[in-house]
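The values are calculated or read from the model by the stated rules, or taken from the named source; none is laboratory data. As the structure is a prediction and not an experimental result, all values here were calculated from the model. Every residue, glycine among them, receives a Cβ derived from its backbone with ideal geometry; neighbour counts consider all protein chains shown.
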Amino acid sequence: MLTGYGRILLCVDFSEESDRVAARARDIADRYGAGLRLIHVVEHLPVDTTGEFMAPQQILAHEDMLENATERLHRIAERIGVPSADCCVAAGYTKQEILAHAKDIQCDLIVVGSHGRHGLALLLGSTANALLHGAECDVLAVRV
Ligand code: AMP
């Protein structure tokens, strides 16, 4: 039997299209009476290629990035009426972090832009494509 969505995860990359993708996720959540959570993944990690940890300044730079991302994510969340408590800023590889979080919160729909910062050249952005292949739930790629 086809049921509605109960928990939706919106992936935000802060590209120009983020608000449009967010509005679509808000609309779907409203229609289904679903909970909505936001995630942004900071891809910078304070480790070098040999796996050694970096200098304290680099760790501080990483913390600044997390803080900055958290503020930006909260602003987008506020615009679509999502409380800060339902925002997650993760650090690591985008696809892995999104899939892990989706599993953690047992979401049944992941909403992404069809492409984002990685360019208009691709028909379907790398993140959307990767999520489609890895997710256990539905994935909606909003055409941007
Ligand atoms: P892209 O793979 O850059 O074409 O991005 C496609 C979509 O994936 C974007 O519109 C976002 O919804 C999502 N996305 C890309 N990068 C991130 C990120 N670092 N954190 C969260 N979502 C992302």
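For this structure, a couple of remarks:
- Unmet criterion (only one of (1) at pLDDT below 95; (2) assigned to a helix (DSSP H, G or I); (3) surrounded by fewer than 18 Cβ atoms within 10 Å (Cβ to Cβ)) for LYS103: (1)
- Qualifying residue in the range 60-74 (condition: in contact with a strand residue (DSSP E or B) (Cβ under 8 Å, 6 or more places away or on another chain) and of a type in the set (Gly, Ala, Ser)): yes
- Close pairs from the range 40-63: first within 16 Å of the ligand (Cβ to nearest atom), partner modelled with pLDDT under 70, Cβ under 8 Å, at least 6 apart: HIS62/PRO46
- Residues satisfying the stated conditions in the range 1-45, i.e. surrounded by 18 or more Cβ atoms within 10 Å (Cβ to Cβ), of a type in the set (Gly, Ala, Ser) and part of a strand (DSSP E or B): none
- In the range 130-144, the qualifying residues are those that are more than 16 Å from GLN96 (Cα to Cα) and within 14 Å of the chain's Cα centre (by Cα), and the one that is farthest from the ligand (Cβ to nearest atom) is LEU140.
- Unmet criterion (only one of (1) of a type outside the set (A, V, I, L, M); (2) farther than 19 Å from SER114 by Cα; (3) at pLDDT below 95; (4) not in a helix (DSSP H, G or I)) for GLY81: (3)
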